[in-house]
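Below: the structure, in structure tokens.
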Amino acid sequence: MNVYRFELKHLLRTFLIWTVIILVVEMIFMVALFPSFKESEGAVMAVLNNFPSQLLKSINLEIETFFSFKGFYAFAYIYIGIMAAMMAVSLSIKTFGHEKKDHCQDFLMTKPITRENLFKVKMAAVLSAIVCFNIVFIGANLWLFTYNDAQFRINSEFILLVGAPFLTQLVFLGLGMIYATQVHHIRNYAGPIVSIALGAYIITAVVQLIEKDSLKIIAPLSYFDPNRIVAQGAYDNSSVVAACVLTLFCMGKSYINYTQTEIIET
Amino acid sequence: MIKQELKNNRNSFIGFTLGLGCILMGGFVKFLSLSQSESIDILEMMAAFPKVVLAVFGMNQLDVQTLSGYYAILENYVLVLVIIYAIKLGYNAVARELADHTEEFLFTKPIKRQTILLNKLSVGFFFLILFSISNGVFSKIAIAAYGIEGQINQLIFYYSVVVFLNGLLFFAFSAMCCAVVKRSEKGSTIAYAVFMLTYLMTVMYDLIEKVNILKFFVPLRYFESIDLVSGNFKSLWILMFIAETIIFVTICFHAFIQRDLSEN
């Protein structure tokens, strides 16, 4: 329990900063940008009506979803997703790596608590931080959706949409953990955090650009792609499987690393 | 000492260049099928749309059906990559020894601090040049390997220059941050945070009409893709890059020389 409390306190600042940033960015998108986007609907429709209908079919455009609130959410998710991912990596590296970075692993390991338990407690701490964030995030979105449309009722689509950041964060939690438990040195946090998250972003963007479905399993930010939810009302099965495998692998490997690696002071 | 530094940075250079290669070689896979399909001139009709609509379409004023437009989109990701790399280089140059607690050894050697920093920075500079050259080379190879028709040598050259300038700017900025703050790891955190902020502003810049004032804060858009694609290279912005870089480097030297070596 002491460890749990300590870790939570340790994560508090990171948690608060990221929660505020993500919510502010989402507000910018959904409150500041969406109205002007919506306004242009008429003008765009006028132009699109001149297009041959075959062409419209070929670019696969559903005007109604395109200009809907959830459609815009799916667009904004590109950025919210990266930030949520970054937050998860940052929380997990900070939890599992800070002793390594401060060269004080040996102090922690000599305490009368098994490494297995330490791992579990640390894991619980990060998970609670992530769950807290998502409660706030989902609450904020509930407000945004109702604010935009008074008739709005919670449905499965909404749950899938706002659940996407949480599931993505679980994947990135695993990636952060495996980084923190695998490397020998941690010099600073920011480098690995940004590299992992933006690396995933670049991979995802390129995979989406070349439109190869088979490559989707290596694009961690599109595992729970809201565009697909808006279009088809469900996550992509193979992506979900890939996400589960990746997350379980990372967590399992981290567990083994954490409980078995020898502590080398350099 | 330069040799040592070159060796220290070799692995991450290989890693980042591999990433670069993957983006360019992988990215062009799709272009093949695109260019073969019948091209429709949607772009002209859409020119009247607001920026934000185009962005949701995923278009951003660029015609993905032309080689140059497609290349510009890929290069936007390369820019992100080079900036991450540059910040890492800047951190390595200024703060790595401090984090490893080896700076005391280095500073007792009979070399001036200026020389130390100069050497370290020039190694980073060298790697950035190498990186932008590889950008050009990989682009050529990718286009040749897939047998894509069309000449975009000039565009490749422009983009290599832009990649280099952006890298240089953030390299200097990151070095400055690491030199100025007391705890060096904070320096790289600040540098990355500022990068994320500028990236966010870039996104906003792309979405909102008529925000010219923002342009000064978004190095990623000093050269706009649309201008580059049409061969309109606004050289004046190079001066902007150089001026900012010089300011950052000067502050960096100033702070590095005066730094206290106390253990944190």
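The values are calculated or read from the model by the stated rules, or taken from the named source; none is laboratory data. Note that the coordinates shown come from a computational prediction; the quantities given were computed from them, not determined experimentally. Cβ: placed from backbone, ideal geometry, glycine included. Neighbour counts: every protein chain shown.
Evaluation of A:I263 against the conditions (1) more than 28 Å from A:F67 (Cα to Cα); (2) under 20 Å from the mean Cα position of the chain (by Cα) shows that the sole unmet condition is (2). Given the criterion away from every other protein chain (no Cβ under 14 Å), within 20 Å of B:D100 (Cβ to Cβ) and surrounded by 24 or more Cβ atoms within 10 Å (Cβ to Cβ), identify the matching residue among B:A172, B:A179. The unique qualifying residue is B:A179.
Being farther than 18 Å from B:Q258 by Cα, within 14 Å of chain A (Cβ to nearest Cβ) and aromatic (F, W, Y) is a property that holds for B:F138.
Scanning segment B:63-82 for residues that are facing chain A (nearest Cβ under 9 Å) and touching a Phe, Trp or Tyr at 6+ places or on another chain (Cβ under 6 Å) turns up B:V64, B:Y70.
Considered as a group, the residues in segment A:208-219 that are crowded, with 18+ Cβ neighbours inside 10 Å and more than 8 Å from every other protein chain (Cβ to nearest Cβ) include one that is nearest to the chain's Cα centre (by Cα), and that residue is A:A219. Every test in (1) surrounded by fewer than 21 Cβ atoms within 10 Å (Cβ to Cβ); (2) in a loop (DSSP other than H, G, I, E, B) is passed by A:S128 save one, and that test is (2). Applying the set (1) more than 14 Å from chain B (Cβ to nearest Cβ); (2) more than 22 Å from A:I93 (Cα to Cα); (3) under 20 Å from the mean Cα position of the chain (by Cα) to A:A124 leaves exactly one unmet item: (2).
For (1) more than 9 Å from chain B (Cβ to nearest Cβ); (2) at pLDDT below 85; (3) under 26 Å from A:T146 (Cα atoms), each residue gets a yes or a no:
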| position | (1), (2), (3) |
| --- | --- |
| A:M83 | no, no, yes |
| A:M86 | no, no, no |
| A:S92 | yes, no, no |
| A:G97 | yes, no, no |
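Quick one: would you say B:I247 is assigned to a helix (DSSP H, G or I), farther than 17 Å from B:V78 by Cβ and within 14 Å of chain A (Cβ to nearest Cβ)? It is false that B:I247 is assigned to a helix (DSSP H, G or I), farther than 17 Å from B:V78 by Cβ and within 14 Å of chain A (Cβ to nearest Cβ). Taking the residues in segment B:225-247 that are under 18 Å from B:Q154 (Cα atoms) and buried (at least 19 other Cβ atoms within 10 Å of the Cβ) as candidates, determine which candidate is farthest from the chain's Cα centre (by Cα). The extreme case among them is B:V229.
Looking at A:Y223, A:Y189, which one is more than 10 Å from every other protein chain (Cβ to nearest Cβ), within 20 Å of the chain's Cα centre (by Cα) and modelled with pLDDT of 85 or more?
Working: A:Y189 fails: more than 10 Å from every other protein chain (Cβ to nearest Cβ).
That would be A:Y223, the only listed residue that is more than 10 Å from every other protein chain (Cβ to nearest Cβ), within 20 Å of the chain's Cα centre (by Cα) and modelled with pLDDT of 85 or more.
Scanning segment B:250-264 for residues that are aliphatic (A, V, I, L, M) and part of a helix (DSSP H, G or I), we see that the one that is modelled with the lowest pLDDT is B:I257.
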